[in-house]
1. Output the qualifying pairs, or none if there are none: Cβ atoms under 7 angstrom, residues six or more apart or on different chains, first residue in the range 164-189 and farther than 12 Å from Lys207 by Cβ and of a type in the set (D, E, K, R), second residue at pLDDT 95 or above and assigned to a loop (DSSP other than H, G, I, E, B).
2. State all residues of the range 181-206 that are in contact with a strand residue (DSSP E or B) (Cβ under 6 Å, 6 or more places away or on another chain) and of a type outside the set (S, T, N, Q); if no residue qualifies, say none.
3. Those residues that are farther than 25 Å from Val29 by Cα, part of a loop (DSSP other than H, G, I, E, B) and of a type in the set (Val, Ile, Thr), I need them from the range 189-248; list them, please.
4. Tell me the strands (runs of 3 or more DSSP E) entirely within the range 51-131 that contain at least 1 residues that are more than 23 Å from Phe152 (Cβ to Cβ), in contact (Cβ under 8 Å) with a residue 60 or more places away in the chain and not acidic (Asp, Glu).
5. Keeping to the range 204-248, report how many residues are open to solvent by less than 30 Å² (accessible area, probe 1.4 Å), free of Cβ contacts under 8 Å to residues at least 60 places away in the same chain and under 18 Å from the mean Cα position of the chain (by Cα).
6. For the range 190-203, how many residues are open to solvent by 30 Å² or more (accessible area, probe 1.4 Å), at negative phi and either of a type in the set (D, E, K, R) or over 15 Å from the mean Cα position of the chain (by Cα) (or both)?
Amino acid sequence: MSTHVLVLGGTTEARELAALLAARPGLRVTTSLAGRVSRPGPQAGEVRTGGFGGADGLAAWLRDHRVDAVVDATHPFAEAITRNAAGAAAATGVPLVVLRRPGWRPGPADRWHPAGSPAEAARLLPGLGRRVFLTTGRLGLAAFAPLTGLHFLVRSVEPPEPPMPADTRVLLARGPFTVAGETELLRAHRIDVLVTKDSGGEATAAKLTAARELGLPVVVVGRPPLPYGVTAVPDVPAALARLCLPPA
């Protein structure tokens with residue numbers, strides 16, 4: 001009987017992990033996608049799309065599909081699915097590995113302003129600038145919607161959902177981005193403050209370098225904490241090691 005691994009995906013690390021697992025004989029891998037992106041990248045192995053119905057629904061899915069291990073390789077801000085994965089793993093006894101790429105760290109020349117939430121980031125903005133490059137994702141704009149007197153350039157992969165600030169220009173784009181491209185974007189739109197989530201990784205880090213080189217302040221929204229008792233591994237090799245799979 002094959003070993004069945006469920007990967008909660010949507011990230012570069014999830015795709016890399018699924019490809020490595022799918023290449024192993026005697027191992028079945030299923031990647032679950034939330035379905036928020038209309039054209040996700042190619043995935044190795046089996047793919048399912050959509051929610052599970054909370055922790056109880058996920059626990060039932062693990063039992064019904066005879067899952068032997070779960071890897072939560074979702075976005076660092078996908079707080080609900082991580083909480084549900086922890087609950088389902090505890091209820092079923094299925095081992096859980098949480099894979100989280102390391103967060104970004106400021107350098108000496110960075111002008112970072114930490115924020116504990118999008119709402120806190122919104123409160124900081126009026127004192128930092130008037131033309132805002134907002135890269136917190138299409139679902140996180142409500143916290144900024146009440147702000148007036150500011151111009152927002154919002155970048156997301158999919159069209160954002162209201163509510164959003166009244167003075168908003170939307171830019172649809174998917175990373176990775178280059179430092180040269182981000183620098184030109186900031187200059188062309190006369191941006192004077194950047195807002196981002198601490199997503200980590202290289203695909204979208206170029207904007208931080210561009211902001212540093214232009215001397216711009218950056219509001220960085222911190223990650224939500226992991227559920228109590230849950231620890232994370234930082235990369236795909238560590239996730240593979242934690243799974244304790246039989247030799248390939």
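1. Listed pairs, sorted by first residue: Asp167/Leu150.
2. Within the range 181-206, His189, Arg190, Ile191, Asp192, Val193, Leu194, Val195, Lys197, Asp198 meet the criteria.
3. Once the filter is applied, which keeps residues that are farther than 25 Å from Val29 by Cα, part of a loop (DSSP other than H, G, I, E, B) and of a type in the set (Val, Ile, Thr), the range 189-248 yields Ile191, Thr204.
4. 69-72, 96-99
5. Residues that pass the stated criteria total 1.
6. 3
The values are calculated or read from the model by the stated rules, or taken from the named source; none is laboratory data. Because the structure is predicted, anything quoted here is derived from the model rather than measured. Neighbour counts run over all protein chains shown; Cβ positions are idealised from the backbone, glycine included. For the accessible areas, the whole protein counts, side chains as well, though only heavy atoms, and no ligand, DNA or RNA atoms are used. Shrake-Rupley method; radii C 1.70, N 1.55, O 1.52, S 1.80 Å.
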